Amino acid sequence: MSEVLAPVISRPNRPDARYHFAAILESSDDAILSEDLNGIIHSWNRAAERIFGYTAPEAIGKSVAILIPPGHENEEPHILARIRRGEKVDHYETVRQRNDGSLVDISLSVFPIKDADGRIIGASKIARDISERKPQEALRASEERFRTLFNLSPVAVYSIDTLGVIQNFNRHAAELWGRQPALGDTDQRFCGSFKMFRPDGSYIPHEQCPMAEVVEGRISEARDAEVHIERPDGSRVTVIVNIRPLKDDQGEVTGAINCFYDITQRKQIELAQRQSERRYRSLFESIDEGFCIIEVLFDSQQRAIDFVFLETNPAFEKQTGLHGAQGRRVLELVPALERHWFETYGRVALTGEPVRLQDRANSLGRWFDVYAFRAETPELRRVAVLFTDVTQQREAHDALRAAQVQLADRAVQLEDLVSERTARLQSTISELEHFSYTITHDMRAPLRAMQGFAGMLLNQTDDRLTAENTDYLRRIMEASQRMDALITDSLQYAKVVRNRIPLSPIEPGRVLRGILESYPTLRAPHAEIQLIEPLPAVIANDAGLGQCFSNLLGNAIKFVKPGKVPHVRIWTETRGDFVRFWFEDSGIGIPKEYQERIFGMFQQLDKGYEGTGIGLALVRKTAERMDGKVGVESEPGQGSRFWLELKHANPPIL
Amino acid sequence: MTPPRIILYAEDEQNDVYFLQRAFRIAGSPHLLTAVPDGEQAVEYLAGGGAFADRASYPLPILVLLDINMPKKSGLAVLEWIRRQSLFKSLPVVIFTSSSRTEDMDQARLLGADDYLLKPSDPLKLVDLVKSLHDRWLSQQEASAYNR
């Protein structure tokens, strides 16, 4: 229609055509009106009178605003703006207000009106009353909305007719079933699933499923019923079904609709929660540690003043000795409980920082090892307390500590005692040393007298003495000389034992030759002594080394068969860092069993030989003082080989 | 002939005194060996106290021989006392003992002994010792009394 009108209006200089158009205008069922760019109505046909309830005289010269219902005020400026731009508006469906205030649905088409120069001067509007057409369209639109909802719904939906034939189903239903049943298939009735089971695990035949029950009127509907669906691939889902019958105008059942949804995951979470709860419960019930949840009570200054046992486990009683604590305040049960316990738990409740501690509850006569942490939400001021009665360990620990302290005391006492005794012993030793020194020293005076007077007798009056008298005097002198030697050796030995002797490198050859020169008995014809080079320098003490050598040499020449000239060979052997001096004699030899004994004090094997029995003991002690050793190899009748081992002054580099 | 001079000998062992006096006699010493039996009397003699107050009877000695181990006051204590007296700063003092203890020797040297002689175990050897005493300490005495 618009294509016809537009050129007509643009050619107003053809007068006869105007009558035709006027007739068309008047006979049209659509309201046709024109307006200027200010929205003032200029023409108004009969259909406009009918549709809007205003006569032409009433409408012309008025603003089109008289037709605009509340809420549509913006439409007219928009339409006029488009017209000014030379555009048109096609079949715009909207609402207008009649003269009586009622509303009318219209479809509006608007065209620009141009003057002879082509300038836009107004708009022509064709408004069709579409009130009649509207309900059907609305129904269709509604149906469309529901279909969309049906398809997009996150809930699975399907419907059946009275025979159980599936009428439709949505995507979710197919997903939960695990397949897509054919619509209208009479073999697959009541439900699109492969298999169904009740929560107890029993099988549900399709004709007994809740949908069947509803369409067949055995139940009116199903609300939140749990059904387990098995898919063709064997997987299972748990769903909650909600079923309502579909009824016609007469209230006859025409089918049923089922909305169902997957709760498999929820079930799993519930199960896990139940298991967790069960585990927690059994832990709570069975642990040896005491466990309780308390609510801390505060005063107005936020000071913890008491707490209530909300929950206690079975071990609680054994660990605390408190009966029936649950639900009661701790101060009711233990009025003298130390304040620090409230303070600790109060702090945990307020800060949420867990606390581990070991402390005493004197009021309960127990020690507790406690781990406390905030339970649930902060505002509840609840604290979970896991604890153990450690009184025994603590007492054992304390006893151990006390024992340790006591032990340390004893150790100190013992140490004092030891040092005191050592001091006493040392003083006794030095007293003894002094005593032995003095006594040996004092023994010499009478000895000198014996020797002196006997000697004087022997020298002065020997012509008046018998041979027997002279022999007696000589024996007295010899005995006193032996005793003097004994005293000298003893003093020497005591000196070596008592004193540390300074060590330095010593040439043994010089020491040996000095000894050989000063003792005539060590020279021919009394003895033959052979010194074999080399005689390397050793770490020793001059006097000490002389002592050792002269004793060893003295022994070597002493123990020979009477009348025999002793032969002695001296040589050295380097043994690692040590030099071993060998003294080989031609003497009587020493039986094996005595070889160790001869180095002891006052050990004499043969009283037939002169000596004090101190010589070798002195050698051993002196050798030890010079970090050396002494020993012997011997066979009776084969002579002896004594050795003295001392540190090499210039040890060979290996 | 010079008048006999005194050698003071502190010794508790009377046999030793006898042997030394005999050795002086045999050696033909012109000097007189005067013995006191302990350290205390040695000090008293030198100080001219008590029984020794008469210097004419008990003139000062030109040599002192001291045993170490003696009753009342040891020889070392006597030596210490002597060296404290300005009069005896240069009086020759010889320790004459049977002790070969290093401590005793060191102590004697420290306290200012002029010599340290060990008693020979055979008293008959004392004559030689007396001769060497003469050589060392007594030959110069005529020239200046306490000048060595």
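The values are calculated or read from the model by the stated rules, or taken from the named source; none is laboratory data. All values reported here derive from a predicted model rather than from experimental measurement. In this analysis, Cβ positions are derived from the backbone assuming ideal geometry, glycine residues included, and neighbour counts consider all displayed protein chains. To get the accessible areas, we keep the full protein, side chains included, count just its heavy atoms, and leave off ligands, DNA and RNA. Shrake-Rupley method; radii C 1.70, N 1.55, O 1.52, S 1.80 Å.
Details
- Straight-distance crosslink candidates among lysines, where the alpha carbon sits under 30 Å from A:Lys318 and sequence neighbours closer than 8 are dropped: none
- A protection proxy built from the mean count of other Cβ atoms within 10 Å ranks the segments A:277-288, B:90-101, most packed first, as B:90-101, A:277-288.
- The slack in the chain from A:Ser363 to A:Glu415, taken as 0.36 nm per residue of separation less the alpha-carbon distance, amounts to 14.4 nm.
- Largest mean-square fluctuation among B:Gln41, B:Gln21, B:Gln85, in a Gaussian network model of chain B whose springs join Cα atoms under 10 Å apart, belongs to B:Gln85.
- Column: log10 I(q)/I(0), Debye, Cα scatterers of the stretch A:320-444, q = 0.12, 0.14 Å⁻¹: -0.66, -0.78
- Size-normalised alpha-carbon gyration radius of chain B, reference 2.2 N^0.38 Å: 0.97
- Potential extension, A:Asp542-A:Glu379 segment - 0.36 nm per residue separation minus Cα distance: 49.1 nm
- In plain terms, the bigger the Kirkwood radius, the slower the diffusion; for the stretch A:143-267, with that radius from Cα pairs, at 4 °C and 1.567 mPa s, Stokes-Einstein puts D at 89 µm²/s.
- Which of B:Asp115, A:Asp262 is most accessible, then next, and so on - probe 1.4 Å: A:Asp262, B:Asp115
- All Cα pairs of the protein assembly as shown, percent lying beyond 44 Å: 71
- For the stretch B:74-122, accessible area lost to neighbouring protein chains reaches 50 Å² or more, against the chain alone with a 1.4 Å probe, at B:Ser98, B:Arg101, B:Ser121.
- Placing dummy labels 7 Å off each Cα toward the beta-carbon, the span from A:Trp571 to B:Asp54 is 7.8 nm.
- In this simple spin-label model, placing a label point 7 Å from the Cα along the Cα-to-Cβ direction at both A:Asn99 and A:Asn151 gives a separation of 4.8 nm.
- Span from the the stretch A:324-373 Cα centroid across to the the stretch B:70-92 one, whole angstrom: 87
- Computed over chain A: relative contact order in percent, which uses C-alpha pairs under 8 Å that are six or more apart: 5
- Length gained on full extension, A:Tyr594 to A:Gln481: 38.0 nm, using 0.36 nm per residue less the C-alpha separation.
- Pairwise FRET efficiency - A:Gln273 versus A:Ala116, Cβ, R0 = 60 Å, nearest 0.05: 0.10
- Descending by average beta-carbon neighbour count within 10 Å, the peptides A:297-310, A:104-117 line up as A:104-117, A:297-310, the highest first.
- Over the stretch A:469-621: Kirkwood hydrodynamic radius from C-alpha pairwise inverse distances, Å: 16.9
- Within a straight-line Cα-Cα reach of under 17 Å, B:Lys73 can be paired with the following aspartates and glutamates, leaving aside sequence neighbours fewer than 8 residues apart in one chain: A:Asp442, B:Glu11, B:Asp12, B:Glu13, B:Asp38, B:Glu40, B:Glu44, B:Asp104.
- Residues of the stretch A:472-497 buried by at least 20 Å² of accessible area upon assembly of all protein chains, compared with the chain on its own (1.4 Å probe): A:Asp484, A:Lys495.
- Protection-proxy order for peptides A:448-459, A:557-568, A:394-405, each taking the mean of Cβ atoms within 10 Å per residue, highest first: A:448-459, A:557-568, A:394-405
- Within straight-line cross-link reach of A:Lys114, lysines at Cα separation under 26 Å, skipping those fewer than 8 residues along the same chain: A:Lys62, A:Lys88, A:Lys125
- When the convex hull of its Cα atoms is viewed from all sides, the stretch A:287-389 shows a mean projected area of 5.8 nm².
- Per residue of A:440-451, other chain Cβ atoms within 10 Å of the residue Cβ number 5 on average.
- Per residue, the accessible area of the protein assembly as shown comes to 56 Å², computed with a 1.4 Å probe over protein heavy atoms only.
- Near-label residues of the stretch B:99-115 by backbone N, under 18 Å of a point 7 Å along Cα→Cβ of A:Ser430: B:101-108
- Interface size, chains A and B: roughly 1700 Å² of accessible area buried, both sides included, 1.4 Å probe, rounded to the nearest 100.
- Remark on the stretch B:14-35: accessible area falls by at least 50 square angstrom from chain-alone to full-complex state for B:Phe19, probe 1.4 angstrom.
- Descending Cα extents along the principal axes, the stretch A:279-319, whole Å: 39, 21, 11
- In Å², nearest 10: area of B:Asp12 left accessible to a 1.4 Å probe: 60
- Largest first, the extents of the alpha carbon coordinates of the stretch A:77-198 on the three principal axes equal 81, 33, 22 Å.
- Greater than 18 Å apart at Cα, pairs in A:Lys561/A:Lys621; A:Lys495/B:Lys72; A:Lys495/B:Lys125; A:Lys558/B:Lys125; A:Lys495/A:Lys621: A:Lys561/A:Lys621; A:Lys495/B:Lys72; A:Lys495/B:Lys125; A:Lys558/B:Lys125
- Whole-Å semi-axes of the stretch A:2-131's equivalent ellipsoid (Cα gyration tensor): 23, 17, 13
- The calculated FRET efficiency for A:Arg513 paired with B:Asp106, based on their beta-carbon distance and R0 = 41 Å, is about 0.85.
- Virtual paramagnetic centre 7 Å along Cα→Cβ of A:Glu338, amide N under 12 Å, in the stretch A:389-432: none
- Of all accessible heavy-atom area on the protein assembly as shown, the percent that carbon and sulfur account for (1.4 Å): 53
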